[in-house]
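Participant: I'd like to ask some things about the structure below.
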Amino acid sequence: MSKTKVVVITGASSGIGKATARLLAEDGAKVVLGARRENKLQEIATEIEKLGGEAAYQSTDVTDDDQVESLAKLAIDRFGRIDVWVNNAGIMPQSILSEKKIDDWNNMIDINIKGTLYGIGAAIPYMDKQKSGHIINVSSVAGHTAHQGSAVYSATKYAVRAISESLRQEMVDAKNNVRVTVISPGAINTDLLSSVTDPEVKAGMEKFYESFGIPVERVALTIKEAIDLPEDAAWNEVIIRPTNQLG
């Protein structure tokens, strides 16, 4: 159960991360929040504490391994353990490949893939020592199918799924009771669209999300349900789409 667990969340300053932090804190979890916008983290932590919850936060750039390791240390220093690590930080600056938006490509690779790897690397040593834990990686339906304009974003989200399955098998062999879950959301109303740099692609995506997007709380609830599953079982992969979303 999520009650009393220590949960570290990256990308916690908005969207899915923020909604998950609130929901889990309301349920009694101790949450440790990481994101680049420290002022936003402070607001969320203050809100959680006013409601009687416990929260710690630290400005964290997931592309910097030292900062991610520092976030893990904050959780240990403040609460003594890490029960769940949610790799949620991500960006989605989609564009067609012929535009050669190399900065966007590199940023997606650094945040979506390397950020996930750094989070896993920071959390697993503590979980292995505890002989328990749960890694939750946020992928996307774009990690199941690729479309024009989504090549690099989809590649990073396919990578998250591949990393997760390999990690799951490693944890089974290690016999350390660490669960691995991949959450692949569809059209969810987050700040992701703000990272789209191609005006034409962005306009089309905004129209799509206006028609189909559902609240971030739906994904937060899915993450909570994955955590709450009895520890002898795991949701290894969950796709959550709006009911009316086709692809």
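Participant: Check off (1) farther than 17 Å from Ile96 by Cβ; (2) more than 14 Å from the chain's Cα centre (by Cα); (3) among the hydrophobic types (A, V, I, L, M, F, W, C); (4) surrounded by fewer than 21 Cβ atoms within 10 Å (Cβ to Cβ) for Ala151 and give me the number that stays unchecked.
Facilitator: Ala151 satisfies every listed condition except (1).
Participant: If you check Asn39 against the conditions, is it open to solvent by less than 50 Å² (accessible area, probe 1.4 Å) and of a type outside the set (D, E, K, R)?
Facilitator: So Asn39 does not fit the description; no.
Participant: Shifting gears a bit: Could you say whether any residue in region 102-122 is in contact (Cβ under 8 Å) with a residue 12 or more places away in the chain, aromatic (Phe, Trp, Tyr) and closer than 27 Å to Gln245 by Cα?
Facilitator: yes
Participant: Residues that are in contact (Cβ under 8 Å) with a residue 12 or more places away in the chain, more than 17 Å from the chain's Cα centre (by Cα) and closer than 24 Å to Ile111 by Cα: find the helices (runs of 4 or more DSSP H) completely inside region 1-86 holding 1 or more of those.
Facilitator: In region 1-86, 38-50, 65-79 are the helices (runs of 4 or more DSSP H) which contain 1 or more residues that are in contact (Cβ under 8 Å) with a residue 12 or more places away in the chain, more than 17 Å from the chain's Cα centre (by Cα) and closer than 24 Å to Ile111 by Cα.
Participant: Okay, moving on. Which is at pLDDT below 95 and on the phi > 0 side of the Ramachandran plot, of Gly80, Gly52?
Facilitator: Gly52
Participant: Just checking, does region 179-196 include any residue being farther than 20 Å from Ala146 by Cβ, more than 21 Å from the chain's Cα centre (by Cα) and not aromatic (Phe, Trp, Tyr)?
Facilitator: no
Participant: Looking at (1) modelled with pLDDT under 80; (2) of a type outside the set (Val, Ile, Thr); (3) touching a helix residue (DSSP H, G or I) at 6+ places or on another chain (Cβ under 7 Å); (4) closer than 19 Å to Ser139 by Cβ, which is the only condition Lys224 fails?
Facilitator: (1)
Participant: A follow-up question, please. Name the one entry in Val178, Val182, Val201, Val216 that is in contact (Cβ under 8 Å) with a residue 24 or more places away in the chain, farther than 21 Å from Met92 by Cα and surrounded by 18 or more Cβ atoms within 10 Å (Cβ to Cβ).
Facilitator: It is Val178.
Participant: Return the residues of region 47-82 that are under 14 Å from Gly17 (Cβ atoms) and of a type in the set (A, V, I, L, M, F, W, C); say none if nothing qualifies.
Facilitator: Ile48, Ala55, Val62, Leu71
Participant: With respect to the numbered conditions (1) modelled with pLDDT of 95 or more; (2) in contact with a helix residue (DSSP H, G or I) (Cβ under 6 Å, 6 or more places away or on another chain); (3) not polar (S, T, N, Q), which one is the sole condition not fulfilled by Leu74?
Facilitator: Unmet for Leu74, out of (1) modelled with pLDDT of 95 or more; (2) in contact with a helix residue (DSSP H, G or I) (Cβ under 6 Å, 6 or more places away or on another chain); (3) not polar (S, T, N, Q): (2).
Participant: Right, Val62: buried (at least 23 other Cβ atoms within 10 Å of the Cβ), among the hydrophobic types (A, V, I, L, M, F, W, C) and within 21 Å of Gln130 (Cβ to Cβ) or not?
Facilitator: No; evaluated as a whole, the condition is false for this residue.
Participant: Mind listing just one residue for me: the one in region 87-127 that is touching a Pro at 6+ places or on another chain (Cβ under 8 Å) and assigned to a helix (DSSP H, G or I) and, of those, least open to solvent (accessible area, probe 1.4 Å)? Talk me through it step by step, then tell me what you get.
Facilitator: Step one: list which residues in region 87-127 are touching a Pro at 6+ places or on another chain (Cβ under 8 Å), which gives 101, 104, 107-108.
Next, only the ones that are assigned to a helix (DSSP H, G or I) stay: 104, 107-108.
Numbers: Asp104: 19, Asn107: 73, Met108: 4 Å².
Among them, the one singled out is Met108.
Participant: Right, next: Looking for whichever is of a type in the set (Gly, Ala, Ser) and either surrounded by fewer than 19 Cβ atoms within 10 Å (Cβ to Cβ) or within 26 Å of Ile188 (Cα to Cα) (or both) here; the options are Ala55, Ala72. Which one fits?
Facilitator: Answer to the check: Ala55.
Participant: Shifting gears a bit: Take Ile240 and tell me if it is touching a Gly at 6+ places or on another chain (Cβ under 7 Å), under 17 Å from Ser140 (Cβ atoms) and open to solvent by less than 70 Å² (accessible area, probe 1.4 Å).
Facilitator: yes
Participant: Still on this structure: Could we say that Gly149 is on the phi > 0 side of the Ramachandran plot and modelled with pLDDT under 95 here?
Facilitator: Criteria met by Gly149.
The values are calculated or read from the model by the stated rules, or taken from the named source; none is laboratory data. Everything quoted here is computed from the prediction, not taken from an experiment. For neighbour counting, all protein chains shown are included, and Cβ atoms are generated from backbone atoms with ideal geometry for every residue, glycine included. Protein only, heavy atoms only, side chains kept; ligands, DNA and RNA dropped before computing areas. Shrake-Rupley method; radii C 1.70, N 1.55, O 1.52, S 1.80 Å.
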